[in-house]
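Undergrad: Structure provided below as structure tokens; questions to follow.
The values are calculated or read from the model by the stated rules, or taken from the named source; none is laboratory data. As the structure is a computational prediction, the values presented were derived from the model and not from experiment. As a convention, Cβ positions derive from the backbone with ideal geometry for all residues, glycine included, and neighbour counts pool all protein chains shown. Side chains are part of the model used for accessible areas, which takes the heavy atoms of the whole protein and leaves out ligands, DNA and RNA. Shrake-Rupley method; radii C 1.70, N 1.55, O 1.52, S 1.80 Å.
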Amino acid sequence: MAHRPTVRLSSRPVRAWKRGGCAGLLVLAALCACAAPHHAPPRAPAELRVPLVRDVQSLDPLDGGEIVTFNVVRQLYEGLVDYDPRALTVVPRLARAWRVSDDGRRWSFDLQPGVRFVDDPCFAVGRGRELTAADVVFTLERALGRSRGAAGLADLPPVAGLAAFLEGRSRHIAGIRATTPLELDIRLERPDPSLLHFLAAARGRVVPREAVEAYGPDFRTHAVGTGPFRLVSWEPLSGILLVRNRDYWRSDSAGARLPYLDALRFVPFWTEERIRLFAEGRIDMVFSYVPGAIPAATGEPGPEARRAGSERQFFVSRLNTVFLRFDRRSRHPAVQERRLRRALSCAVERLPGTTHVAARGLLPPGLPGHDPDLDGQRTDPAAALGLLAAAGHPRGRGLPPLRIVWREWDAGIGERIAGGLRDLGLRVSMRQCDDRSYWAAIDSGAADLFRDGWMADYPDPQTFLELFYSASPTNRGSYRSPEYDRLFLEFRAARAAARRLELARRLERLLVEDAAALFLHHERERQFVAGRVEGWEHNCMNPLNVCFYEYVRVRPAAASATRAATAT
């Protein structure tokens, strides 16, 4: 009988580790024993244990936009293209090659032959079949159709016929066509270089029609892809267990079959337990954005960590920016008047440190278009006082209280920022919300300013710049600037890299000059990684936070340790 994984309900600690863990070890040991010569003792499976820092609600690629979920989904599903782990350039994956017409509107993709979906009961006799271009057409129509109505067009590539499809005037998207079983054409209404990034994202990961139709709403708990791993179990306490896809089609440059790992386990935990779990060898790495959150106690790891070798510490820059966004619906003078917005930009504290880099503008370091010489926003209390006085509000006199909505889990930074504004005489009302009530509070009009942030969906400035484009669904503050919109549309259509770079920097300068938001910081993540993990720094430390686990190796624990764990 086929395994039907249970929906994972919460990130509770691994109280039932032995129950869930032992089942996984028995499965893996059996797999390894089958693959080994009959005269050789079974080796312990090479299993990487990754902390699951947030709940995963679905394994459907359509729900995989959030980075924690995406790093699970991308092990199970593949797209036409992907990223190189080091350079973050777009590289072939299910498409072995593609061609673009001279006018940039027609893209032709040649698919890899012989790629198979994993075995699943949704297929005839349970055997996974070969992938075809028809699967890609089905996937893209399903992904693009998630947004219905003309309003959904703003966040989608300009595929020919998409508007008619979204508005229900056509059953299919005219611009997406399988020309042969292994060839696909995509026609655009205008050139858009970001198409490849859409295809590399979670929504572009190819799914088979049979699985979607067979499982219906339960498809989110089934994974039927072509990726390097396949799903074995998904349970609330023991997490998500993936094992090597034995039919996976890719090899490394030396001809060795991928993935190197036998298994990949995503382990849920309580925040306060992560250090102990790392020290005991139950997880192989610890991540933190917060300075001091990983105490020196990790220098004294548990027995398994000592056997494996000392852990290593890394700092990884992320392609993200945290900022205070103005809600332009507010009539507060500090929202509506540029001089007062500039005063606030000088007043807010920008925290330096090992895990924060002060932001001068929107585009983070490492992103194409970032300008290291930008004369951007800076903390300058004296200048803030001068601007307040020049605007007729010395030390904030006559201004109503500023209503700031902040995320509860980031309360420390929010209170420091509010304190800095109060030191200048401004009255501040700080409201802290959990994730469930945060956007509801903003949508209700409760904020003049609110904490916002963005991590790049793909390594291109467009993912940040569209945050302030008036027609973008990610423009949560309702920012409006005709000049910005004009330049953004020109940038979006530009194909030459040099021209895109020039326009990206002009757009960022416009945001700084208009004080469109109060840019606070870019984040760096601190990582501790167990010594038994090999290849981590080359494949899981890119600023996109995308983990290429198929290239990671681990030195497996001793077979005796595995047998002892199983026996308990």
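Undergrad: What is the residue count in the range 167-202 for residues that are within 19 Å of R492 (Cβ to Cβ) and either open to solvent by 20 Å² or more (accessible area, probe 1.4 Å) or of a type outside the set (S, T, Y) (or both)? Please lay out each step first, then the result.
TA: Initially, the range 167-202 is screened for residues within 19 Å of R492 (Cβ to Cβ), giving 175, 186-201.
Going one step further and asking which of them are either open to solvent by 20 Å² or more (accessible area, probe 1.4 Å) or of a type outside the set (S, T, Y) (or both), we end up with 175, 186-193, 195-201.
Qualifying residue count for the region: 16.
Undergrad: When you go through (1) in a helix (DSSP H, G or I); (2) more than 24 Å from the chain's Cα centre (by Cα); (3) surrounded by 18 or more Cβ atoms within 10 Å (Cβ to Cβ) one by one for G414, which number turns out not to apply?
TA: (2)
Each row is one residue, and each column tells you yes or no for (1) under 23 Å from D284 (Cβ atoms); (2) part of a strand (DSSP E or B); (3) charged (D, E, K, R).
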residue	(1), (2), (3)
R49	yes, yes, yes
Q57	no, no, no
V68	yes, no, no
R86	yes, no, yes
R96	no, yes, yes
G104	no, no, no
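Undergrad: Taking the stated definitions as given, is A87 among the hydrophobic types (A, V, I, L, M, F, W, C), at negative phi and open to solvent by 10 Å² or more (accessible area, probe 1.4 Å)? Please lay out each step first, then the result.
TA: Values: among the hydrophobic types (A, V, I, L, M, F, W, C): yes; at negative phi: yes; open to solvent by 10 Å² or more (accessible area, probe 1.4 Å): yes.
So A87 passes the test.
Undergrad: For the range 521-531, does any single residue satisfy the condition of being more than 30 Å from R282 (Cβ to Cβ) and without any contact (Cβ under 8 Å) to a residue 24 or more places away in the chain?
TA: The initial filter retains those residues of the range 521-531 that are more than 30 Å from R282 (Cβ to Cβ), namely 521-522.
This time we only want the ones that are without any contact (Cβ under 8 Å) to a residue 24 or more places away in the chain, so: none.
Looking through the range 521-531, none of the residues is more than 30 Å from R282 (Cβ to Cβ) and without any contact (Cβ under 8 Å) to a residue 24 or more places away in the chain.
Undergrad: I would also like to ask the following. In the range 99-128, which residues are in contact with a helix residue (DSSP H, G or I) (Cβ under 8 Å, 6 or more places away or on another chain), open to solvent by 60 Å² or more (accessible area, probe 1.4 Å) and closer than 22 Å to R250 by Cα?
TA: D119
Undergrad: Taking the condition under 30 Å from D485 (Cβ atoms), in a strand (DSSP E or B) and hydrophobic (A, V, I, L, M, F, W, C), does I173 pass? Can you show your working first?
TA: Details: under 30 Å from D485 (Cβ atoms): yes; in a strand (DSSP E or B): no; hydrophobic (A, V, I, L, M, F, W, C): yes.
No, not satisfied.
Undergrad: Now for a different question. Report whether or not T321 is at pLDDT below 85 and buried (at least 16 other Cβ atoms within 10 Å of the Cβ).
TA: It is false that T321 is at pLDDT below 85 and buried (at least 16 other Cβ atoms within 10 Å of the Cβ).
Undergrad: For the list (1) under 30 Å from D102 (Cβ atoms); (2) within 25 Å of the chain's Cα centre (by Cα); (3) open to solvent by 30 Å² or more (accessible area, probe 1.4 Å), I need the number of the one condition that Q432 fails.
TA: (1)
Undergrad: Kindly provide the set of residues from the range 461-478 that are open to solvent by 10 Å² or more (accessible area, probe 1.4 Å), in contact with a helix residue (DSSP H, G or I) (Cβ under 8 Å, 6 or more places away or on another chain) and more than 21 Å from A498 (Cα to Cα), ordered by number.
TA: Y469, S470, A471, S472, P473, T474, N475, R476, listed by residue number.
Undergrad: Starting from residues that are among the acidic types (D, E) and touching a residue at least 60 places away in the same chain (Cβ under 8 Å), keep the ones in the range 218-251 and report whichever is surrounded by the most Cβ atoms within 10 Å (Cβ to Cβ). Let's see the steps before the verdict.
TA: Narrowing the range 218-251 to residues among the acidic types (D, E): 218, 235, 247.
Add one more test, that the residue is touching a residue at least 60 places away in the same chain (Cβ under 8 Å), and what stays is 235, 247.
Working: E235: 19, D247: 15.
So, considering only residues that are among the acidic types (D, E) and touching a residue at least 60 places away in the same chain (Cβ under 8 Å), the one surrounded by the most Cβ atoms within 10 Å (Cβ to Cβ) is E235.
Undergrad: Quick check on V118: is it of a type outside the set (S, T, Y) and outside any loop (DSSP other than H, G, I, E, B)? Break it down stepwise before answering.
TA: Numbers: of a type outside the set (S, T, Y): yes; outside any loop (DSSP other than H, G, I, E, B): no.
Criteria not met by V118.
Undergrad: Additional query: Within the range 451-459, does at least one residue satisfy the condition of being open to solvent by 10 Å² or more (accessible area, probe 1.4 Å), touching a Lys or Arg at 6+ places or on another chain (Cβ under 7 Å), touching a residue at least 60 places away in the same chain (Cβ under 8 Å) and among the acidic types (D, E)?
TA: Within the range 451-459 (the criterion being open to solvent by 10 Å² or more (accessible area, probe 1.4 Å), touching a Lys or Arg at 6+ places or on another chain (Cβ under 7 Å), touching a residue at least 60 places away in the same chain (Cβ under 8 Å) and among the acidic types (D, E)), the answer is yes, since at least one residue qualifies.
Undergrad: For the range 184-217: of the residues being outside any loop (DSSP other than H, G, I, E, B) and small (G, A, S), which is nearest to G64 (Cα to Cα)?
TA: Looking only at the range 184-217, we keep the residues that are outside any loop (DSSP other than H, G, I, E, B), and these are 184-188, 195-200, 202-204, 209-217.
Those left that are additionally small (G, A, S): 200, 202, 204, 211, 214, 216.
Numbers: A200: 12, A202: 5, G204: 10, A211: 17, A214: 20, G216: 17 Å.
Restricting to residues being outside any loop (DSSP other than H, G, I, E, B) and small (G, A, S), the top hit is A202.
Undergrad: Out of curiosity, is V243 in contact with a helix residue (DSSP H, G or I) (Cβ under 6 Å, 6 or more places away or on another chain) and outside any helix (DSSP H, G or I)?
TA: Numbers: in contact with a helix residue (DSSP H, G or I) (Cβ under 6 Å, 6 or more places away or on another chain): no; outside any helix (DSSP H, G or I): yes.
So V243 does not fit the description; no.
Undergrad: It is to be established whether one or more residues within the range 255-272 are closer than 21 Å to A95 by Cα, open to solvent by less than 30 Å² (accessible area, probe 1.4 Å) and outside any strand (DSSP E or B). Full working, then the answer.
TA: Looking only at the range 255-272, we keep the residues that are closer than 21 Å to A95 by Cα, and these are 255-259.
Restricting the remaining residues to those that are open to solvent by less than 30 Å² (accessible area, probe 1.4 Å) gives 258-259.
With the extra rule that they be outside any strand (DSSP E or B), the set shrinks to 258-259.
So far as the range 255-272 goes, yes, one or more of its residues are closer than 21 Å to A95 by Cα, open to solvent by less than 30 Å² (accessible area, probe 1.4 Å) and outside any strand (DSSP E or B).
Undergrad: Please state which of the following conditions T6 fails to meet, knowing it meets all the rest: (1) modelled with pLDDT of 50 or more; (2) assigned to a loop (DSSP other than H, G, I, E, B); (3) in contact with a strand residue (DSSP E or B) (Cβ under 6 Å, 6 or more places away or on another chain); (4) open to solvent by 20 Å² or more (accessible area, probe 1.4 Å).
TA: (1)
Undergrad: Right, another one. Does V72 fit the bill of being open to solvent by less than 10 Å² (accessible area, probe 1.4 Å), of a type in the set (V, I, T) and in a loop (DSSP other than H, G, I, E, B)? Walk me through it before giving the result.
TA: Numbers: open to solvent by less than 10 Å² (accessible area, probe 1.4 Å): yes; of a type in the set (V, I, T): yes; in a loop (DSSP other than H, G, I, E, B): no.
So V72 does not fit the description; no.
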